[in-house]
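Written below as structure tokens is the structure these notes are about.
The values are calculated or read from the model by the stated rules, or taken from the named source; none is laboratory data. Keep in mind the model is a prediction, meaning the values are calculated, not measured. Here the Cβ positions follow ideal geometry from the backbone for every residue, glycine too, while neighbour counts run over all protein chains shown.
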Amino acid sequence: MKDFVAYIPVGYPDMEVTVRVLKVLDTLPVKAVELGIPFSDPIADGPVIQTAHAIALKNGVTLERVLNMISKIKVRYGIYVMSYLNVLLRFPSGVNELVRRLHNLGVQGLIIPDLPLKEMDNVQIDFPLVPFVAPNTKDEEIRRINEMEAPFVYYISRFGVTGTRWDLPFLDHIEKVKKTVNKLLYVGFGISRPEQVKAVWKVADGVIVGSALVKIMEKFPASEIPSQIEKAIEELLEV
């Protein structure tokens with residue numbers, strides 16, 4: 001079995017449920033968790049995650065509250081923070097203080113969907129950043145990524161926004177990229193079924209599952225969400 005990364009929108013449906021889900025994930029063979037910071041205009045996210053962001057914002061979830069939450073949980077898996085650039089750059093006590101706290105909390109990297117590769121050198125965030133690769137990424141961009149100190153490369157498996165899908169159209173390209181990059185390659189966007197997980201594991205190092213888990217949070221009452229998330233991940237991994 002290769003790596004499995006779960007995306008969890010913090011504060012949806014509320015912070016208490018988020019903490020309970022994070023504790024449940026620590027009992028599963030999860031390599032890392034991507035914590036989604038709510039943002040009012042999440043351009044890379046489909047309607048399911050957009051709705052989760054909106055509710056989390058109504059719940060008063062901020063990056064500061066997320067950092068405090070991380071400081072109170074003890075888990076074995078790696079933690080990545082997924083946020084948009086505006087949220088990070090406007091952190092009340094400044095970017096340098098944010099970076100210091102991320103380091104102290106053991107966060108392994110930042111995932112910033114609205115930060116293109118060509119702009120990474122122009123943004124002064126001294127913290128490991130996760131670069132994105134897509135089916136239309138050029139060879140020179142791969143070479144640039146290979147020069148970076150990144151924890152992994154995030155392959156966007158389809159054009160458009162996040163959301164569950166039935167197909168997986170770019171497996172050949174994923175395999176080609178895997179042979180080219182010198183870092184771990186994780187595939188996200190649209191991964192929602194065990195067959196897709198298996199197919200990705202054959203050509204890459206891991207999968208990232210988000211919308212499929214958020215749909216469960218949308219469907220079940222708060223009291224059942226952690227156990228339903230556990231069940232869904234076990235089915236995806238065929239544990």
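For the reader, a short list of remarks on this structure follows.
- Test result for Ile112, of a type in the set (Val, Ile, Thr) and either over 15 Å from the mean Cα position of the chain (by Cα) or modelled with pLDDT under 95 (or both): no
- Residue ID - nearest to Leu115 (Cα to Cα), chosen from residues in region 77-92 that are of a type outside the set (Ser, Thr, Tyr) and part of a strand (DSSP E or B): Met82
- The residue that is surrounded by the fewest Cβ atoms within 10 Å (Cβ to Cβ), among those in region 8-55 that are more than 15 Å from Val87 (Cα to Cα) and of a type in the set (Asp, Glu), is Glu16.
- Residue in region 130-140 that is free of Cβ contacts under 8 Å to residues at least 24 places away in the same chain and part of a helix (DSSP H, G or I) present: yes
- Among the residues listed as Val66, Val81, Val153, Val161, the single one being modelled with pLDDT under 95 and either crowded, with 19+ Cβ neighbours inside 10 Å or in contact with a Cys (Cβ under 9 Å, 6 or more places away or on another chain) (or both): Val161
- Residue count, region 15-56 (criterion: more than 27 Å from Leu237 (Cα to Cα), in contact (Cβ under 8 Å) with a residue 24 or more places away in the chain and assigned to a helix (DSSP H, G or I)): 2
- Criterion (at positive phi, under 17 Å from the mean Cα position of the chain (by Cα) and not hydroxyl-bearing (Ser, Thr, Tyr)) met by exactly one of Gly36, Gly46, Gly11: Gly11
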